[in-house]
1. When N counts the residues of the chain, how does its alpha-carbon radius of gyration compare numerically with 2.2 N^0.38 Å, as a ratio?
2. Work out how much length residue 70 to residue 44 would gain on full extension: take 0.36 nm times their residue separation and subtract the Cα-Cα distance, in nm to one decimal.
3. Taking the chain as the reference, fit the longest principal axis to its C-alpha atoms, fit the long axis of helix 146-174 to the helix C-alpha atoms, and give the angle between the two in degrees, 0 to 90, nearest 10.
4. For 90, 28, what ranking results if the residue with the fewest other Cβ atoms within 10 Å of its Cβ goes first?
5. Using a 7 Å offset from the Cα along the Cα-to-Cβ direction at both residue 34 and residue 174, what is the distance between the two label points in nm, to one decimal?
6. As a footprinting exposure proxy, order 159, 9, 120, 174 by other Cβ within 10 Å, with the fewest listed first.
7. What does the C-alpha gyration tensor say about the overall shape of segment 100-176? Classify as rounded when a/c is under 1.5, otherwise prolate if a/b is larger than b/c, or oblate.
């Protein structure tokens, strides 16, 4: 598994709630902050105030080995009750030249919803790259360990996705 290959992972959960209820949660950009081990807070960047294509938001992250960093994400897909996706950009240039174009993001995150058995099947996925990121910086320092580094990062992200999906499921099913 190499960074240049766009490594990815996906997790899913069945939610005993209708897609319209789940949709309001997956498009709440602050919801993952309550469950993610990295994402600490988010805020819409003016003039954006809601999840529409082209809207941008800042994400404030923390990782025990990387430290703290800020990203800007741009909403790239909004299909009501079906799909919501955003591209993560490094507009500050922390990990390389500043990225202001969603065509070559640090990562692409996506929620997909599918009506299932009176509820909703929710899939969350992430694809890393092709733009530079904290992971690519570490790989540049230790290229001989690239496959291990990528596999470890994918596993970290998958664990975080499982926590976010569980939090989303509980909130959707309990209305909390």
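1. The reported ratio for this selection is 1.02.
2. 8.1 nm
3. 20 degrees
4. Starting with the residue having the fewest Cβ neighbours, the order is 28, 90.
5. Distance between label points: 0.9 nm.
6. So the residues, fewest neighbours to most, are 174, 159, 9, 120.
7. Cα axes put segment 100-176 in the prolate bin.
A short reminder: the numbers here are calculations on the coordinates, not readings from a lab. Just so you know, these numbers come straight off a predicted model, no measurement behind them. Cβ sites come from the backbone with ideal geometry, for glycine too, and all protein chains shown count toward neighbours.
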